[in-house]
Amino acid sequence: MSEIKTIGVIGAGQMGNGIAHVCALAGYDVIMNDISEDALDHGFQMIEKNMSRQLARDLITTEDMIGALARIRREKKTDRLGGVDLAIEAATENREVKEAIFRSLCQVVPKNAILATNTSSISVTRLASTTDRPDRFIGLHFMNPVPLMQLVEIIRGLATSQETYEAATGFAKRLGKTITNAEDYPAFIVNRILMPMINEAIYTLYEGVGTVEAIDTAMKLGANHPMGPLQLADFIGLDTCLSIMQVLHDGLADTKYRPCPLLVKYVEAGWFGRKVGRGFYDYSGGDGPVPTR
């Protein structure tokens, strides 16, 4: 397997632009791909903004930032990924969408290229089975926000080769990340533990045990969490939280993973959290987030 030099990132959203950001700073050439020109422009603007914050905190130099931004190329067409050594899918947490992306990638990326998914819950083995190279397929689950969070969960599918695993491990370490190895079970490690806690917090709100503010304050001050569970759910995206809970419920067939009906209602209403300006908090005012319940 050839050395990894060029990275393709499919998806320019919150996770995708974060992955492109850290890859470019680590010295990789990056092609950030998205079907939306607006998403690509916004994603690149977020990279510039986040690097500027790092620069202001003396975490990177001006030369680091200029060099990294110059290494990022934006492309709408998948066929522009023909020269990548590693393609990382960072699309919405939807199995059908991801499978379609990988089928498309297999037609354009080199036969020896590694394919990776940033899925936070979906079976790596199942996604790998839709490709022409399950032995060169792996899960690389970055945490959000990618430039700040130190962890990458590495998940091997049933057919993932040792060579692919070692290449992925070397790549994550070059990014300065700490890795944990997770088995290919629904939601892996972090979300297997985190999402049921968030879901239980939503049940606590749904059943009237406490208000949004009371629940978040209780967990911040009572459990020393840096962010309350409902605030965190808004940050992650309530649509993503629901998707992961559905994967857990379907994959493990245990009623303890049943998504809270209130979470379902918020998603049905389009109240996905911070990214749309409304979730368990309303972010539209100038005085900071206001609880919606």
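The values are calculated or read from the model by the stated rules, or taken from the named source; none is laboratory data. Note that the structure is a prediction, hence the values are computed from the model and not measured. Cβ coordinates were reconstructed from backbone atoms using ideal geometry, including for glycine residues, and neighbour counts include every protein chain displayed.
Brief remarks follow.
- Sub-9 Å Cβ pairs linking a first residue in region 78-96 that is under 18 Å from Ile4 (Cα atoms) to a second residue that is part of a loop (DSSP other than H, G, I, E, B) and of a type in the set (S, T, N, Q), at least 6 apart or interchain, are Asp85/Ser2; Asp85/Asn112; Ile88/Asn118; Glu89/Asn118; Glu89/Thr119, ordered by first then second residue.
- Of everything listed in (1) acidic (Asp, Glu); (2) assigned to a loop (DSSP other than H, G, I, E, B); (3) touching a Lys or Arg at 6+ places or on another chain (Cβ under 9 Å), the single unmet condition for Asp234 is (2).
- Check on Met32, more than 12 Å from Ile72 (Cα to Cα) and either of a type in the set (A, V, I, L, M) or in contact with a Cys (Cβ under 7 Å, 6 or more places away or on another chain) (or both): no
- Verdict on Ser161 being small (Gly, Ala, Ser), out of contact with any helix residue (DSSP H, G or I) (no Cβ under 8 Å at 6 or more places or on another chain) and free of Cβ contacts under 8 Å to residues at least 60 places away in the same chain: no
- Residue match in region 286-293 (condition: closer than 28 Å to Phe188 by Cβ, among the hydrophobic types (A, V, I, L, M, F, W, C) and surrounded by fewer than 23 Cβ atoms within 10 Å (Cβ to Cβ)): no
- Index of the failed condition, Arg57 passing every other in (1) surrounded by fewer than 12 Cβ atoms within 10 Å (Cβ to Cβ); (2) farther than 20 Å from His21 by Cβ; (3) not hydrophobic (A, V, I, L, M, F, W, C): (2)
- Which listed residue is part of a loop (DSSP other than H, G, I, E, B) and in the same structural domain as Ala24 (by TED's automatic domain parsing), from Gly170, Gly176, Gly208: Gly176
- Criterion (of a type in the set (Asp, Glu), under 27 Å from Gln231 (Cα atoms) and at pLDDT 95 or above) met by exactly one of Glu93, Glu153: Glu153
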